[in-house]
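S.K.: My structure is below; once you've seen it, I'll send some questions.
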């Protein structure tokens, strides 16, 4: 029974009229007693009409499948995802849904150690082919991070995702449509003549004055407004509203954003307060929905109103385009530095902005003057066009 030369325990048997050999194990790792026990088990299988080799292969296959499941891309992705405790709920939800939609169908059940660069490119290229260039780029980043986690957990020796670099077309920078400054008088005329919901008109007027982002405006709460200090402080993150997607979104740059309130903005906010403020309303939203004061104004409300005014929001102007309009006028005036404008726009800080405007209170007075100038400039343009540099000379 023991083959000393080859150092294997083996036993011969016949099954279906064929002579076969059943390998029991390696000597001396498998003792004589163990070898005899396994031989006897093989005989019992034969007595039941079962090929011991086939049974052994089936057992090994089941074991391998269990091992593969614990090392599947999906399982490793869950392990990686669990480490991202600092992500916001909205962002985490977006990442996981993208993995479920675009990645798991192709490689979710594959053992990470068996994946090569070509396998990883399959879901990425599918998204790219559909024209979802931004998503293709993002899922490439997720896959790379997940397999880096797998390497760190010693589930694979190297990360084949690194070789995807350069294989995905980069999305073009999206430029939001914005009017030329010469078209401001007509814009103001159309806003004043708008016959839709009063709160929508006030939202458009306020957004034009303070040029904050859509989510910063829509999810705004009354507690953020300090009428006495004439200041709106947009927090890094807001308290979630039940069943309202993305309601935790605050300032986009993940830090408090300070918005000085000019005379015109304060007047509009006081008008809005008469419309939407409710004592005891836990949501305390400034811009409430049409049918439910506990839900925010729709993300499409402002653009829909602009379309009713006759604008093509893909070519002419959109709500986000108010930011471009304000930025152009402030820079052209020559009164304000680009760094000051960038800070009020709440763009990602350059080194120069960070150095010059580290302390928000130190430059808040200058920013108050800047937003008041912009509001007065709009008033000056209500009936005829006045260039920013011309209006600056009148100050």
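The values are calculated or read from the model by the stated rules, or taken from the named source; none is laboratory data. No experiment lies behind these values; they were computed from the predicted model shown. Quick reminder, even Gly has a Cβ in these numbers, built from the backbone with ideal geometry, and neighbours come from all protein chains shown.
S.K.: If residue 252 satisfies all but one of (1) buried (at least 20 other Cβ atoms within 10 Å of the Cβ); (2) not in a helix (DSSP H, G or I), what's the number of the condition it fails?
M.R.: Unmet condition: (1).
S.K.: Same structure again: Quick one: which of 280, 319 is farther than 20 Å from residue 234 by Cβ and either modelled with pLDDT under 90 or not assigned by TED's automatic domain parsing to the domain that holds residue 235 (or both)?
M.R.: It is 280.
S.K.: For segment 128-240, list the helices (runs of 4 or more DSSP H) that sit wholly inside it and hold at least 1 residues that are in the same structural domain as residue 299 (by TED's automatic domain parsing) and surrounded by 14 or more Cβ atoms within 10 Å (Cβ to Cβ); which are they?
M.R.: Of the helices (runs of 4 or more DSSP H) lying wholly inside segment 128-240, those with at least 1 residues that are in the same structural domain as residue 299 (by TED's automatic domain parsing) and surrounded by 14 or more Cβ atoms within 10 Å (Cβ to Cβ) span 184-193, 198-210, 214-218.
S.K.: Look at residue 100 and say whether it is within 17 Å of the chain's Cα centre (by Cα) and under 21 Å from residue 71 (Cβ atoms).
M.R.: Yes; evaluated as a whole, the condition is true for this residue.
S.K.: Show me the helices (runs of 4 or more DSSP H) found entirely inside segment 16-87 where at least 2 residues are touching a strand residue (DSSP E or B) at 6+ places or on another chain (Cβ under 7 Å) and surrounded by 16 or more Cβ atoms within 10 Å (Cβ to Cβ).
M.R.: 32-47, 52-70
S.K.: Same structure again: Here are some residues: 75, 95. Which one is free of Cβ contacts under 8 Å to residues at least 24 places away in the same chain, at negative phi and in contact with a helix residue (DSSP H, G or I) (Cβ under 7 Å, 6 or more places away or on another chain)?
M.R.: Selected residue: 75, the only one of 75, 95 that is free of Cβ contacts under 8 Å to residues at least 24 places away in the same chain, at negative phi and in contact with a helix residue (DSSP H, G or I) (Cβ under 7 Å, 6 or more places away or on another chain).
S.K.: Give the number of residues within segment 322-340 that are surrounded by 15 or more Cβ atoms within 10 Å (Cβ to Cβ), modelled with pLDDT under 85 and in a helix (DSSP H, G or I).
M.R.: Selection size over segment 322-340: 2.
S.K.: What is the one condition in (1) farther than 28 Å from residue 275 by Cβ; (2) at pLDDT 95 or above; (3) out of contact with any helix residue (DSSP H, G or I) (no Cβ under 6 Å at 6 or more places or on another chain) that residue 122 does not satisfy?
M.R.: The one condition residue 122 does not meet is (3).
S.K.: Further question on the same structure: If a residue has to be surrounded by fewer than 18 Cβ atoms within 10 Å (Cβ to Cβ) and either outside any helix (DSSP H, G or I) or touching a strand residue (DSSP E or B) at 6+ places or on another chain (Cβ under 9 Å) (or both) to count, how many in segment 92-127 make the cut?
M.R.: Selection size over segment 92-127: 4.
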